[in-house]
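Visitor: Please find one structure pasted underneath; my questions will follow.
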Amino acid sequence: MGVFGLAWRGIGRRRLMSGLTMLSVALGVALALAVLSLRAGVRESYTGVARGYDAILGPTHGSPLGIVLNTMFHLGEAGGTVPWELYEEARNDPRVAVAVPYAVGDSFFGHPVVGTSSDLFRVLTDRAGTPLEQRLTGALFEDGGPFEAVIGSRVLADTPLRLGARFRVAHGTEAALEEHAEEWTVVGVLRPTGTPADRAIYIPIDTFYEVGGHQRGAAQRGGEGHDAKEVLGLSAVGIRLKARILSLRFLDEYRSERKAAQCVLPQDQVRRLLDIVGDVDRYFEGIAWLVLVVAGLGIVVSLTQAILARRREIAILRSLGARPWQVFAVVLLEAELLVLLGGVLGLLLGHLGLALLAPTILERFGALVAVGPGLADLRILGILAAAGVLVGWPPAARALRVPVARFLQAGS
């Protein structure tokens, strides 16, 4: 029987202990994989989406982070409104390449409805950097045109909406009950983008202001001839500058002139958020590695006990011609097999858990988590292979010190 066969038989003799050891390794690996994948997915998704705009004009009473999350990730609620004239001013600013309006507050089957312009689909991109406009099946709605809508891929999967379908939206974002009378027609569907756009329904900004109840206060602000957009205002305005270097100057201008909106830089806010979340990441990652350390100590104890129980067997192997390196290799290989088999089981459990959690994470937090084998798996297996040698070395060295003559005589 070769070295591998002897190692495998040794593991089989201690089925319960070997199984528990592999399970502890698997749990540590699954937790480590989940933490690493979630962190990578959140960071890549949030930083990628934040690059869509150089600045955002939001309500003066909203928090900067809340403005970014509400505008770009469709999370939370708008903290107020931005005057329509500031949007017009931004569009005419020579430093601004594109200004994109946002009006939110309605939903359909729990998915946010966003009043905006077609420029959004030319400015924002999917995770690969392709403009959303190029991810469209069907047509893009016309600015100032009829009641048309573009829906994301998750909306297509979660609701009855399809191309050509007509629907009504409801007021509010949570358990909405008050349904508006106006109907929109789906003219375009976004193929999966890996961004929060997958969860949203986009309608022309002009149709948003034609919805009953969205013009409240018009009579008090100038009667029938008054522009309803100026009455209600916008939830936010996304700004793409002609040169990103202008973003700090743009921010300082809004601070110094005390305009009726605050200017926030999305990338700065996302960076701060990830710094805060990073502390939690490190905590869970530390727990994962602690579980693996405990599993490694368990392997050392298990193999050391096995060596003590198999000293006569080792003595017989040596007497039959087994060289010291072969005895050493058998014990070391047992440790490697325990670690790597547990690691493979952990990777399977980790990817299964991520596959189950990924839709919820995308729905609730707007972050796409990669599911399936990747470079992280190879790195984890590489670390485990090195750990197998580390935990297998002490008991393997102990096996070399078994006095052959003494245990052969003891059995005669």
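The values are calculated or read from the model by the stated rules, or taken from the named source; none is laboratory data. Given the structure is predicted, the values throughout are model-derived calculations rather than measurements. Every residue, glycine as well, gets a Cβ built from its backbone with ideal geometry; the counts of neighbours run over all protein chains shown.
Visitor: I'm told Ser45 meets every condition in (1) surrounded by fewer than 21 Cβ atoms within 10 Å (Cβ to Cβ); (2) closer than 18 Å to Gly194 by Cβ; (3) of a type in the set (S, T, N, Q) except one. Can you identify the failing condition by its number?
Guide: The failed condition is (1).
Visitor: Could you tell me which of the residues Phe141, Phe208, Phe121 is surrounded by 22 or more Cβ atoms within 10 Å (Cβ to Cβ) and modelled with pLDDT under 90?
Guide: Details: Phe141 fails: modelled with pLDDT under 90; Phe121 fails: modelled with pLDDT under 90.
Exactly one residue qualifies, and that residue is Phe208.
Visitor: Here are some residues: Val104, Val68. Which one is in a strand (DSSP E or B) and modelled with pLDDT of 90 or more? Walk me through how you get there before you give the answer.
Guide: On the way: Val68 fails: in a strand (DSSP E or B).
Criteria check complete, one pass: Val104.
Visitor: Which one is nearest to the chain's Cα centre (by Cα), of the residues in the range 50-59 that are crowded, with 24+ Cβ neighbours inside 10 Å and either small (Gly, Ala, Ser) or not in a strand (DSSP E or B) (or both)?
Guide: My answer is Tyr53.
Visitor: Restricting to the range 107-135, count the residues that are of a type outside the set (Ser, Thr, Tyr), over 26 Å from Val211 (Cα atoms) and part of a strand (DSSP E or B).
Guide: So the answer is 1.
Visitor: Here's a follow-up. Of the conditions (1) under 17 Å from the mean Cα position of the chain (by Cα); (2) at pLDDT below 75; (3) not charged (D, E, K, R), Leu320 clears all except one; give me its number.
Guide: (1)
Visitor: Let me ask something additional. Return a yes/no flag: does the range 241-253 have any residue that is at pLDDT 75 or above, touching a Ser or Thr at 6+ places or on another chain (Cβ under 7 Å), closer than 14 Å to Val68 by Cα and surrounded by 14 or more Cβ atoms within 10 Å (Cβ to Cβ).
Guide: Going residue by residue through the range 241-253, those that are at pLDDT 75 or above are 241-253.
Those still in the list that are touching a Ser or Thr at 6+ places or on another chain (Cβ under 7 Å) too: 241.
When the remaining residues are screened for being closer than 14 Å to Val68 by Cα, the result is none.
The answer is no, given that none of the residues of the range 241-253 is at pLDDT 75 or above, touching a Ser or Thr at 6+ places or on another chain (Cβ under 7 Å), closer than 14 Å to Val68 by Cα and surrounded by 14 or more Cβ atoms within 10 Å (Cβ to Cβ).
Visitor: Residue check, Gly19 against (1) touching a residue at least 40 places away in the same chain (Cβ under 8 Å); (2) under 30 Å from Val344 (Cβ atoms), all met but one. Which one?
Guide: Result: Gly19 fails condition (1) only.
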